[in-house]
Structures are given as C-alpha cells and as structure tokens.
Amino acid sequence: MESILWLILGLPLLTAALIHLGLKRKQPIAALVSTLSAAVGLILTLLLVSKGETLSLGFDWVNIAGFKGIQIGIELDSLARGMLLIVTGVGFLVHLFSLAYMKDDSALARYFCGLSLFMFSMIGIVLASNFIMMFMFWELVGLSSYLLIGHWYQKDTAADAAKKAFLTNRIGDFGFMIGILMLWGIAGTFTFSELASYLVARPDHSVFFLGVAILCIFAGAMGKSAQAPLHVWLPDAMEGPTPVSALIHAATMVAAGVFMMARFFTSLTPDLADLHLIVPEFSSQTIAWIGGITSLLAALMATQQDDIKKILAYSTLSQLGYMVMAVGLLDPEAGMFHLFTHAWFKALLFLGSGAVIFSCHHEQNIWKMGGLKKTMPVTSLTFLLGTLALCGVPFTSGFFSKEHILESAAHRGQWALFGIAALVACLTTFYMLRLFFVAFLGDSRSEKANHAKEVGPLMALPLIALAAMALLSGYEFLGGKISPLYKPFEFHPAAPAFIASISAVLIGAFLAYKLYGNAKEDPLAEKSLFKIFRNKFYIDEAYAKLISYDQDSVAAFVHFFDELIINGLIVGGFTRAADGFGRLFGRLQSGNLQGYAVLFGLGVLLVIYLTVFLS
Amino acid sequence: MASLNEFLFVSGLVFAIGLAGVILRRNIIVIFMCLELMLAAASLTLVAFSRFHLKDGLPDYNGQVFVFFIITVAAAEVAVGLAIIVALYRARQTINVEDLTSMRG
Amino acid sequence: MSILLILIPIAAAIAILCGAKAKPTALGAAALNLIPGLGCVFCWKHESWTFFWEVLSKPSIHLSLGFYDGMSVIMVLLSVIVLFTAVMSGKCPEGREKLWYSSILLIGAGALGAFLSTDLFFFYAFHELALIPTFLMIGILGSGERKEAAWKITIYLALGSIVLLAGLIWLVSASGSETWLFKDLLASSIDPGEQTGIAALLIVGFGVLISLFPFHSWAAPAYAAAPAPVAMLHAGVLKKFGLYGLFRLYPMVSSGMQDWLVWLIVLLLCNILWVGFVTINQKRLDTMLGNSSVMHMGYIFLAFAALIHAGSFEANPLAKPAAVVLMFAHGISIALLFMLTDTIRRKTGTVELAELGGLAKAAPRLAFLFGLAAMASIGLPGLANFSGEVLVFLSGFWGYEGGTLGCLQIATILALWGVVISAVYMLRAYRQTFQGPSVDHTNSEHVKDFGPFCQIPAAILAIALLVVGIYPNSLLNLLKEEPAAPAPTEQASH
C-alpha cells in the first residue's frame, strides 16, 4: 500500500526528469512516456479508491535537535482519495487530448515534461500531511503553471502572462507563509492530523489570532484559486495551450486553494458541525464574502468577453468563488463536492473549446465561429452537456452541487450571500448560453468556421468520458462514493434553494435567447455599463498603475537615495574628506628650501621647550 | 674683560644674523655663508662658556675641544655642500633658491 | 590533512607564478582540493584533520587548523565546490593566465584557511590574504568601471577589517584567555559592560564584510566589474566569512549583542527591503545580482537576530542550522548566477536588460540553468535556498505562542515580503533576457549554446542545489555533532 502511494507521487517526477535529461530530441516518445505514466497513475489511484483505506506515513525531511522536525509525509483519507482521482483522471484525459492537440508543436517534449512536473506537484499537494510540505508543493505547482503558461515564450503576451501568474501567486504565498508560522505558534504543530488535538490541549489560545492566522492562510488560497483581488492572473493564463488551461486552470491547480482550506478546516475539529466554535466569525465571514464578490465580479465580466477561452476562464473564477463561499460558510463538504463536479464539466468545456479552436485553425473569437453544431456534432453535444452542467440544469451534476451551496447559505441565514449566489447562477446561464448560441448554433460566421471538421478519436474520447462524468458525477451511486467529501442530497421542491436555482436558469436562458438567439454581433457591446464588464472593471489597468507608482517609483526613489546619500554623500564624502586632508598636508611639501628651514627651526624650539621647561 | 653676558650677547647676535640670512636670502651661496656664521656663533658660545665656567680654577676645556670638532665638521660639510651646489648649478643653471622647488608635492 | 587543503592552492599559485602552465595547474589543484574537501564530510572528526603549530608565544598565537564544528565542515565544503567551479568558469584574457589563475587560487586558499582556522588571529589573517588578489583581479582584469570598483571594495573592506581587528583584540584582552584559540576563548567569559562595546565593533566590522546596510555600497559595483571567478568566490564564499565569525564568537558577547538587537533588526530589514527596492530598479543583470546578494544577507542576519533574541544556541535550536544551510545555499546559487551572467556577457556582448531578449531560443541549456539558479535564488522549494529560508522564518517565530506578535515576529513578517521582491526582479530579468522574441545579438546566428565542457561547473552547482534542496538533512546531520576534539599536545613551550 505504501509503495503504491510513493509510486503515484514519484512516477511523474521520474518521468519529467527522464524527459528532460534524455528525451528532449525524441519528442513523440517523450509524449508517449508521459501519457503512459499518467495512465499508470490513474490505474493505481482507482486501485486505492476501490480499497478505500486510510493511512498516514512519512519520513524526516528536516531533523534538528530540540525541534520537532519537518516531515515529508502522506495523509490518505477520503478527501485525498477523491482529489487524487480528480487529478489523475482529468490529468490522464488531458494527456491523451494533448497527444492530438499539440502534435505539431515544436517543443512537444518540453510540454510533456511540464505536464509531468505538474502532476507530481499537484499530487504532492493532495497527499501532503503537513502545512510545510503542502507549501513546498504549492510553490512547485506555481512553477509548473509558470512553465506551461509560458510554453510559447517567444510570444510577449505568453511570457508576460506566465510572469504575472507567478508573481500574483507569490503574493498569496507571502500571506500563506505568515499564516502557517502563526498557526505553528498558536497550535504548536504543522501536521494536519495533529491540529485538532493540539488545539484542544491549549484551551486558552487566542481566538482572535487564530482567526488572523486562518485569514493569512486563506491568502494563499486567494492567490492559488484566483480570488479577488488576486484574480488577475487567471484570464491571462489562457495564453497557455488549451489542454493546460483545462487541467491546471480549471480542474486542479486553481482548485488547490479550496482543497487546502477544506483540508485545513476538516483538520481543525473531528466533527464538522463544531467548526463554527473554533473558527471565529470574522474569518469565516471574510472568506465567504470574498468568494461571493469574486463570483459576482467574474460572472459580470464574463458576459461581455468574446474569446471563448476567456469566457470559460471567467466562469472558472466565478465557480471558484462559489466553492470559496461554501468554505467560508463553514461547509467544506459542499465546497469540495462542487469542486468535484466542476472539475469534470469545466475540463470538458475547456477541452471542447480546444477541439473547436483546433478545428477552426486557432480562431478563438466566438463571433468568428458559428454553425459548429452541424460540422462538429460530437463536440457540440458534449459541449452542450458541459454547459448544462455548469448552468446547474436539473439532473446534471452541477445542479446537485450548486443546490448544496445554496442550501448552505439558506440554512445559515446568509441571505445576502444566497442572493449573490442566485444572481450568479442566472448570469452563468446567460453567458454560457450566449457562448453556445453564438459559437455553435446559427450559420458559420467566417471562412475558418466553414472548414471546421470533427476531431479525431484521441480528442473525442476524453470529451465523451468527461461528458459522462458531467452527467453522472452528481448522483450518489457515483459521486457519493468517490467525491472527496460528500453529504447526501435532500430534495425539497419548495426549498428556497431549488426555487432560486430553477428561476435563475430559466431567466438566464430566456435573456440569452432573446439577445443572442440569432445575433450577428453583440447587441450590448456599445452600452457603457457593459463596456465596463468587457474591460474587466479596468482592474488590470489599476494594478499596472499601482505597481508603477508604488513599486517602481518607490524602487527608483530608494535607488536614487541610496546612490546619492549613502554612496555619494557618505561613502563619497569619506573619500573626498580623505582626499582633502591629503591635499592639505601636501601643502607642507612646498619644495621651498627656506620654508623647510623655518619649520625645522620651529621644531627645534618646540623640542627644547618640551624637554627643558616641561619635564 | 667683558663678562659672560656680553659674549653671549654677541654670539646670539651673530647667530640671529646667520639665521636671518638662511631664511631670507635667495642666493644659495649666501645661505651657505650664513650657515657658517651660525656655526661660528655656536663656537663662540662654547668658548665663552668654557672660559667663564671654571673647574678648579682652570677653564673647562671640554668646550674648547668641542669647537675643534665643530670646525672639522664644518669644513667637511662645506666641501660636500659646495659640490652639490655646483652640480645643481650645472643641472638647473640657477642658484636662486626660489627657483629650485621640484621637490614639492 | 587540513593543512593540505590550504597548501595545495598556495603551492599551485606559486608554481604558476614561477612558470608552470597556468590553466592545467590550477584545474589540477582545485580538483585535488575537491577530494579531501568532499571526503571530509564523512570523517571530519578524525585526528588527522587537525594541525597545530605555535607561531608566537606572547601574544599566544598558533597556526591551528581543524574543524571546530559542523559549521566549519559545511563552509569548507562550500569553498572547495565554488573554488573548483570558479577555476573552470570565466574566460581568461590572452596572456594574463598567470595573474588570473594564481589570484583565484590564492583567494580560495584564503577562504579555506579562514574556515579551517581554529585560532582567532589566523581566522582574520587568512581572510585578509584573500583581499589583495581580489583587488588585483578586479582592477586589472575586470570590466566596466573596474578601477573605481577595485579601489572602493579594497579600501572599504580594509577599513571594516581594521574596525574588526580592534574589536577582536579588545575581545581577546577582555576575555582574559591565554591564547587566541577558539576553544580557550569560548571557555572564558567577558564582563557584560565591556560586551556592549565589543559587540558594536564586531557588528560594524563583520557587517562591512557582509555588506550589512548601510555598509553595502561596495558590493554591487565590485561584483559588476569583477571577472566571473572572483565574483563567484567573493559573493559566494568570502562574504560568508563575516557571518561565520558572528556565529562563532556569539557565545562570548551574547548579552552585549542583546543591547544592539533592535538596531540589528532595523538594519537587516533595510538590507531586505531597501536594497530589495534598489535591486528592482537595476537595469543591468550584473548590478542586479550584486544587489540581490546584498539583499539575501538580510535573511541570514534574521536568523542571527533570532539567536540573539533567544539568548543562546539551545534556546533557539533553529537559528544556527538555518543560517548555515542558507549560507551554503546562497553561496552556491549566487556563484551559479554570476557564472551564467558572465556567459551571457561573453555570448551576446551585453548585460543591459534593455538590449537582451529571447535568448532561450538560441541557448536553451543556458536558459534552463539560469532559470534553475534564478528559481533557487527566489526560494523555490526543492532547491537549497528554500530549505534555508524556511528554517530562518521558523527560527524567527520560535517561541511565539499565539497572542500579540513580538518585535522579532513582525520583523520576520516584513522580511517575508522579500520573497515577493526577489521574485519580481528575478522574473523580470529572466523574462527580459530569455523570453519574448529574439533581438539582434541574441539570435541563433550570433549565439551558440553552452558546450559540454562549460556545462560541467554549472551542472556541479545545480546538483549541489538540488541535493540540499531535496534532502536538507544531508547538511543538517553534519551540524548535529559536538565541536571537534581539542588540538593535540603543543610542540613548543610557551
């Protein structure tokens, strides 16, 4: 059992090292090796899931006398098993898809090396047994993301996007590390399994500072899961290849923040119903509101985007907001369940968009597509299924998970958040159907769309598999067994959650049909309110100004001050003083014989005075 | 017979004249001559002290013997100094002390 | 045996000056040094590693060499690795092989002597040995504003050394110890009133050598102008001398240092944040790296501040291991960065960020190694610097029990912002140099990638970073040991 776990963790790393050191020239072999290792990972994970065991193990990473030490360890429970299945499952399907999508790329080996490195890092996060190990793999996931977003680094936009992603994540990591350190002080341990017992053993720990520590740790989740205001990197990350967007920026890496918070919260107390006793109100409220605001902001921005990947990216942001909101409502089960269903249908949507982009010869503007339902039937059908799941149409998996979250909000009396969640559901239906109507229905709007053909089996198979999961993963017979965390769903037709979600879907669908059912161009594009949405609330521009005024001008000022005052005045001052003294005493060497004679005489007088009259 | 003070006064005067000459004159040969004047004044002082400080009724001959040493050393020094001056004149064509300042710095 | 580590480079330097073929001799000497250097990791407790010879009886100074404790072993390991790679890197100008290689060897000998010495006087003296070859190399064989840089670094460091020497002499006389040996000094104690003054002199003296703010202006111009091997050795190894000295002498002046704790924290935060901002504003790769090396010294000082705050090595068991691991990691990573920057300079003719771009297309191996070194420098886990940095931050929060954050904790939080700052400047530089479209002097006709021979030193350094990053216990196990056995019986009478 242990060796299976270490194998799942270590195999992708070995693959990445092998590709980098030996297979850089033999690109197709590299691609196959990587896909094979992903397949092995999936098979082993299925084995683990079927066994359903729980265990922890580890070895010493840092061992210092007088200090408990840091371990590299594995904590396997249902949360880890479910997440592992998501990672290896979506990962393998993405590897398969990439074999076809990236086959003409000149740096195929580097791509697959990056994918394997990512699999290693993500599995590390999932299996981590303590915060420091999770932080380590957290940063490694950031590195893999940097490498993959910047895969086509010769393009300025891709290189900039990769840098932006890494730096935004770093800011989150800054908060994360502070939180870990504070938690270490308060609780006395990093290890998840020990947190609850250590906290119980310190009954007089400061609740306020625990809340601050929780918020700081959440900052890491904000960076990784792209919550506002650290959300700006995710849309730009679409510069990477589409399979990368599917795996990393939809299903797994961005979900790591939610996973981490779920792991954290489930470790704080053995019974989740007691969570509100440990986590202070201000922390959980902040988390929930940040989730809600991100969700709303992203949904508004998505309504006016024209790039198919950008629409999906904002929708991911919005759904992540839902998950974070659930965590903030101290219902990690709802959050993780939504993460689970979201992973499948979002990966499906991204891979579907990849298929569309591939067929339309790298066209990404939805207004240049159209009529794809006739030319790409399999893709259209699976894309439709994914869209329905995302909108939360009844009987799809998304419906069940969204219901859970709405239930949570209603159950805890958080009606403002409930309202936001319902509004976002409406907006989600609106912009997703806008995408579907414009890109898939109607007549083709450009030459490229005319020539689109259905994709081959390597690309179609993952789509079909994911569509099946998108439909079925919400039900208890499937999701209940393998979802990371699960609460059974109780269906009440009269519950406010159900009413709200059904009405949201219906209103959104109606508006979308009205505006975009037969549109040739976007009717809302010129309205000033929608221009704000289209321009992403000008947040990117604001950040650019902020960075240039706060960081770069401060840096320039500090540099100037350093050069002028410290280097110029002080160090230079010493130099000039030494120089001046030298010149002053140099004047004594006048070369004038008689001057020397006078000094000589004065010196003699001085000596006589000192020896005769003073001693 | 003049007393000690008068001898000292004379020798002091001669020393002062020599010192003034060394400091103020520009011709190097004149400076040299003034240097000799100072030596002579010092010798006079020594002899005066020797004559007026009696040891068991006789002059203290130490002073007079020292004067012989001074005269010898002065002679050697003049020889070397004049040789240097001649070499200096050959190199610089001048014996004006104000023009000989290349050791400045 | 330890005398060999010092004698081999000195003998090789003399041989080169007397006419032996420079490059093979230097390479052979450095490789020869590498064997005992790496081997000592396994058997440094053994008697054969100590050397003891009385030089002067009043004051009692001995040429006493050996490994005082695990910290010395790790520093010696760092020195031999960097010396070996430094000899292999950089391009010696035509006809100047003698000066080039003999200087590198002498600098290496000085560093090794300082870390191997268990006598305070020779500890100081060996470091001074390394100053003059540095001056010659920067002044004669450097690039850019080499003459000003050479004068600045030499005089600045000499002034710092004078202050340091005053502090050391005061230390020895106040301690009442009979000899200058570490074991005798550390066994004696100093009156707390005097400790404050001594601690001030030591902080200023060692601080100049470590480029503590505000004594840091010498570092960036010197590293920018220096030839690659000198930059590698100085930034990688010689800078650590000051920190090594502070940690070594700390037990003698612990209460004196306590009086200066707040000042030290302010200065180290300036190192991280102030110099961090200066680094962001740099427009050239070499000055950026020089300033970044100044910035990273702040983290090691944070570990030292944590030690001072706690009061003794036992009270904060993380501080010294954190500092030692970070010293090793930083030395290797900055050496690798300077080596690769010099390679960029030679291949493209410039290190101005505005003139570079898209280099990764033409030189992918160079891009990979530089990326590895850059990621190490910003503290990516899996590489050595992270292991050191995480231990430093943990040592800053040692003893925090929840509740209001103390002065040291706030300092650690502010210092943590440094990881964002270092990511900003490193990634900007990497983006500007290697990514994006190629420009004139970085396209494939102009630039050829690394050859296999040049890759060897870079690979060695990269492997060192990976080993310590993946398994820090490899270094930490060395620190667990007690100080080595005392020197054998003296050979001459007092």
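Rule-based calculations on the coordinates, nothing more; no lab input. Quantities reported herein were computed from a predicted structural model and do not represent experimental measurements. Don't worry about glycine lacking a Cβ; one is built from the backbone with ideal geometry, like all the others, and counts go over all protein chains shown.
Quick one: C:Val82, A:Val254, fewest Cβ neighbours within 10 Å first, how do they rank? Let's see the in-between values first.
On the way: C:Val82 32, A:Val254 28.
Result, fewest neighbours first: A:Val254, C:Val82.
I want to check the label-to-label distance for A:Thr286 and A:Ile502. Put each point 7 Å from Cα in the C-beta direction and report it in nm to one decimal.
Spacing of the two 7 Å Cα→Cβ label points: 4.0 nm.
Dividing the convex hull volume of the Cα atoms of the range C:255-349 by its residue count, what figure in Å³ per residue is obtained?
79 Å³
How many nm is it between the label spots at C:Phe453 and A:Lys24, if each spot is 7 Å from the Cα in line with the beta carbon?
About 2.0 nm separates the two model spin labels.
Select from the range C:344-448 those trypsin sites (Lys or Arg not before Pro) which occupy a DSSP coil region and have at most 15 other Cβ atoms within 10 Å, ordered by residue number.
Qualifying residues, ordered by number: C:Lys448.
Quick check: Cα centre of the range A:420-449 to Cα centre of the range C:214-233, how many Å?
59 Å
Normalised by the residues of chain B, what does the relative contact order come to in percent, with Cα pairs under 8 Å and at least six apart? Spell out each step's value before the answer.
On the way: 83 pairs, mean separation 26.7, N = 105.
Relative contact order comes out at 25 percent.
How much length is gained on full extension from A:His362 to A:Glu521, taking 0.36 nm per residue of separation minus their Cα-Cα distance? Before the final figure, lay out the partial values.
Values: separation 159, 0.36 × 159 = 57.24 nm, distance 2.04 nm.
Contour length minus Cα-Cα distance gives 55.2 nm.
Kyte-Doolittle cut-off 0.0, length cut-off 24 Å along the helix's own axis using Cα: show which whole DSSP H helices in chain A pass.
Values: long enough: A:2-22 (29 Å, 1.71); A:27-51 (36 Å, 1.69); A:78-101 (34 Å, 1.60); A:108-127 (28 Å, 1.84); A:131-149 (26 Å, 1.83); A:156-187 (45 Å, 0.69); A:207-224 (26 Å, 2.12); A:281-302 (31 Å, 1.10); A:308-328 (30 Å, 0.91); A:332-359 (39 Å, 0.97); A:415-440 (37 Å, 1.95); A:496-516 (29 Å, 1.60).
Membrane-span-like by this rule: A:2-22, A:27-51, A:78-101, A:108-127, A:131-149, A:156-187, A:207-224, A:281-302, A:308-328, A:332-359, A:415-440, A:496-516.
If we count other beta carbons within 10 Å of each Cβ, what is the order of B:Asp99, A:Asp77, C:Asp342, fewest first? Provide the component values of the computation, followed by the final result.
Working: B:Asp99 11, A:Asp77 18, C:Asp342 23.
Listing B:Asp99, A:Asp77, C:Asp342 from fewest to most nearby Cβ atoms yields B:Asp99, A:Asp77, C:Asp342.
Between A:Phe537 and A:Val612, what length comes free when the chain is fully extended (0.36 nm per residue of separation minus the Cα-Cα distance, one decimal in nm)? Kindly include the intermediate steps, with their values, before the conclusion.
Details: separation 75, 0.36 × 75 = 27.00 nm, distance 9.24 nm.
Once the chain is fully extended between A:Phe537 and A:Val612, it gains 17.8 nm.
Taking trypsin sites (Lys or Arg not before Pro) as exposed when DSSP calls them loop (any state but H, G, I, E, B) and at most 10 other Cβ atoms lie within 10 Å, what is the longest stretch of chain A free of them, the sites themselves excluded? Before the final figure, lay out the partial values.
Working: sites that count: A:Arg25, A:Lys453, A:Arg587.
Result for the longest clean stretch: A:26-452.
Could you pull out the GluC sites (Glu not before Pro) across the range A:382-478 that fall in loop regions by DSSP (anything but H, G, I, E, B) with no more than 14 other Cβ atoms inside 10 Å? Before the final figure, lay out each step's value.
On the way: sites: A:Glu403, A:Glu407, A:Glu447, A:Glu454, A:Glu476; in loops: A:Glu454, A:Glu476.
Answer in residue order: A:Glu476.
Take peptide C:359-368, look around each residue's Cβ out to 10 angstrom, count Cβ atoms belonging to other protein chains, and average those counts.
On the way: counts 0, 4, 2, 0, 0, 3, 1, 0, 1, 2.
That average works out to 1.
State the volume of the convex hull built on the alpha-carbon positions of the range C:1-119, expressed per residue in Å³ and rounded to an integer.
Details: hull volume 11.8 nm³, N = 119.
Dividing the Cα hull volume of the range C:1-119 by its residues yields 99 Å³.
If you average the alpha carbon positions of the range B:46-73 and of the range A:132-168, how far apart do those two centres end up, in angstrom?
101 Å
Given Cα positions, please report Rg to Rh for chain A, the hydrodynamic radius being the Kirkwood one. Each step should come with its number before you reach the end.
Values: Rg = 30.7 Å, Rh = 26.3 Å.
Checking Rg against Rh, the ratio lands at 1.17.
For the residues A:Phe498, A:Phe118, A:Phe600, what sequence is obtained by ranking on other C-beta atoms within 10 Å, fewest first?
Details: A:Phe498 17, A:Phe118 27, A:Phe600 11.
Final ranking by Cβ density, sparse to dense: A:Phe600, A:Phe498, A:Phe118.
Over 5 Å intervals from 0, what percent of Cα-Cα pairs in the range C:280-494 sits in each interval?
Per 5 Å bin, starting at 0, the Cα pair percentages come out as 1, 7, 14, 16, 15, 13, 10, 8, 6, 5, 3, 1, 1, 0, 0.
Which value in nm describes the separation of the simple spin-label points at B:Leu58 and B:Ile17, placed 7 Å from the Cα toward the beta carbon?
3.5 nm
Give C:Lys240/C:Lys283; A:Lys346/C:Lys283; C:Lys21/C:Lys58; A:Lys24/C:Lys283 a once-over and call out the pairs whose C-alpha atoms are over 31 Å from each other.
On the way: C:Lys240/C:Lys283 27 Å; A:Lys346/C:Lys283 42 Å; C:Lys21/C:Lys58 42 Å; A:Lys24/C:Lys283 34 Å.
Cα-Cα > 31 Å for A:Lys346/C:Lys283; C:Lys21/C:Lys58; A:Lys24/C:Lys283; rest within.
Along the range C:454-468, what does the Karplus equation 6.51 cos²θ - 1.76 cosθ + 1.60 (θ = phi - 60°) give for ³J(HN,Hα), rounded to whole Hz, x for Gly and Pro?
Couplings: 5, 6, 4, x, 5, 5, 4, 5, 5, 5, 4, 4, 5, 4, 5 Hz.
Taking a ≥ b ≥ c as the square roots of the Cα gyration tensor eigenvalues, with a/c under 1.5 meaning rounded and otherwise prolate when a/b beats b/c, else oblate, which class fits the range A:166-218?
Numbers: a/c = 3.40, a/b = 2.00, b/c = 1.70.
Prolate, because a/c is 1.5 or more and a/b exceeds b/c.
Report relative contact order for the range C:280-494 in percent, whole number only (criteria: Cα-Cα under 8 Å, sequence separation at least 6). Mind dumping the intermediate values first?
On the way: 271 pairs, mean separation 65.2, N = 215.
Reported relative contact order: 30 percent.
Near A:Lys487, which aspartates and glutamates are there with a Cα under 14 Å away, not counting those fewer than 8 places off in the same chain?
Those aspartates and glutamates meeting the cut-off are A:Asp271, A:Asp331, A:Glu333, A:Glu403, A:Glu407, A:Glu476.
Treat the range C:1-259 as a sphere of radius equal to its Kirkwood radius over Cα pairs and apply Stokes-Einstein at 10 °C in a medium of 1.306 mPa s; give the translational diffusion coefficient in µm²/s, rounded to a whole number.
85 µm²/s
Rounded, prolate or oblate, given the Cα gyration tensor of the range A:386-442, with a/c below 1.5 counting as rounded?
On the way: a/c = 5.38, a/b = 1.99, b/c = 2.70.
Since a/c reaches 1.5 but b/c is at least a/b, the shape of the range A:386-442 is classed as oblate.
By what distance, in whole Å, do the Cα atoms of the protein assembly as shown stretch along each of the three principal axes, largest value first?
Extents along the principal axes, in whole Å: 149, 64, 57.
Lysines near A:Lys51 by alpha-carbon distance under 19 Å, same-chain residues fewer than 8 away left out - which ones?
A:Lys481
Rounded, prolate or oblate: which one fits the range C:35-188, using the alpha carbon gyration tensor with axes a ≥ b ≥ c (rounded when a/c is under 1.5, else prolate when a/b beats b/c, else oblate)? Don't skip to the answer; put the middle values down first.
Values: a/c = 2.69, a/b = 1.40, b/c = 1.91.
It is oblate, given that a/c is not under 1.5 and a/b is not larger than b/c.
Using Cα-Cα distances under 8 Å and only pairs 6 or more residues apart, what relative contact order does the range A:306-364 have, in percent?
Details: 27 pairs, mean separation 23.4, N = 59.
Once normalised by length, the contact order is 40 percent.
Taking 4 °C and 1.567 mPa s as the conditions, I'd like the Stokes-Einstein D for chain C in µm²/s, using the Kirkwood hydrodynamic radius from alpha carbon pairs.
Working: Rh = 22.6 Å.
Roughly 57 µm²/s, to the nearest whole number.
If the reach is capped at under 20 angstrom between alpha carbons, list the lysines near A:Lys26, excluding any in the same chain fewer than eight residues apart.
Excluding near neighbours in sequence, the set is A:Lys103, C:Lys361.
Kindly provide the Kirkwood hydrodynamic radius of the range A:1-159 in Å, to one decimal, from all pairs of distinct alpha carbon atoms.
Numbers: mean 1/r = 0.0611 Å⁻¹.
Here the Kirkwood hydrodynamic radius works out to 16.4 Å.
Grab the beta carbon distance between B:Asn96 and C:Asp440, set R0 = 60 Å, and tell me the FRET efficiency rounded to 0.05.
Details: r = 66 Å, r/R0 = 1.11.
About 0.35, to the nearest 0.05.
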